[in-house]
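The values are calculated or read from the model by the stated rules, or taken from the named source; none is laboratory data. On a predicted model such as this, the values are computed, not experimentally measured, just so you know. Backbone-built Cβ (ideal geometry, glycine too); neighbour counts: all protein chains shown. Ligands, DNA and RNA are stripped out before the accessible areas are found, and what is left, the full protein with its side chains, is counted by its heavy atoms. Shrake-Rupley method; radii C 1.70, N 1.55, O 1.52, S 1.80 Å.
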Amino acid sequence: MEPMIHAGYTAEIGFDNTSGTTAPDSEKAEGSRFTQTLWEKYSAGVLSPKDMTLGEYKLYINDKIKNLYTHPSQKRLDWFIDISDAAYRRMQSDPAYEQWVLDFLAQAKSTGYGCCVPRFGLIHIDDTREKCYGYTYGLQDDEQARRAAARKRLKARQAEKERRKKLLKEYLKRKAQAKRLQEQLLKAKLTKQQLEHARLLKSWNEERQRAQISRAYEANLLMLARREQQIASRQACFIQTS
């Protein structure tokens, strides 16, 4: 809920800058157009605050108050800003006092209350600084804020859980891809080793076969030489005996 900001006359005069619940829509629209017209004239330099009527000046100041920065901790804090006619006249004739009032209100609205946020705030503005005062009272029921904070924490935990789940899924996916790649590399390495082993075994077998053939050939030559020697020896002995 947006904080309510009341700025106007004292209570007995009954002026309030917030839209009344019983005011017709046509009156609201007319007041809005009137305020916009004032700002257009003021921005264009056609109309200065001192040239405004008191009613016009009140609308001018009230719009400035509405545009003041409000601290986030005051989101549900209702402000009642009570400005007397004498204060309006003093501000209209004294720009320095007008700036002091706006700074005073800005300081009140920019205050951070942390976890101890009051329910209501009242500021009274008069024609002198000594007559101005402000105070807050009551404490807001933080049950709604606690429930909102709990929902926010739960949402954050769920988001963190989903993030971790997504990271785990991505990790397992990458791990499976790495495992498949490792298996493929290992398989390729084993295949290469097997082919190299087969090539070496074939080469070794061929070398062994060539060595065996060479040894067999040499043995045959040796046997033939021995036989020739034996035949020659027998022939020599036969000739001698004859």
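Would segment 72-81 turn up any residue that is modelled with pLDDT of 90 or more and not charged (D, E, K, R)? Yes, segment 72-81 contains at least one residue that is modelled with pLDDT of 90 or more and not charged (D, E, K, R). Of the residues that sit in segment 105-128 and are open to solvent by 60 Å² or more (accessible area, probe 1.4 Å) and either closer than 16 Å to residue 68 by Cβ or part of a strand (DSSP E or B) (or both), which one is modelled with the highest pLDDT? Out of the qualifying residues, it is 107.
Residue 170 - would you say it is under 30 Å from residue 96 (Cβ atoms) and loosely packed, with under 11 Cβ neighbours inside 10 Å?
No; evaluated as a whole, the condition is false for this residue.
Among the residues of segment 92-104, the one identified as more than 46 Å from the chain's Cα centre (by Cα) and surrounded by 16 or more Cβ atoms within 10 Å (Cβ to Cβ) is 92. The set of residues from segment 129-161 being open to solvent by less than 40 Å² (accessible area, probe 1.4 Å) and either touching a Phe, Trp or Tyr at 6+ places or on another chain (Cβ under 8 Å) or within 30 Å of residue 90 (Cα to Cα) (or both) comprises just one member, 132. Quick check on my filter: what residues within segment 55-89 are open to solvent by less than 20 Å² (accessible area, probe 1.4 Å) and in a loop (DSSP other than H, G, I, E, B)? Answer for segment 55-89, where residues must be open to solvent by less than 20 Å² (accessible area, probe 1.4 Å) and in a loop (DSSP other than H, G, I, E, B): 77, 84.
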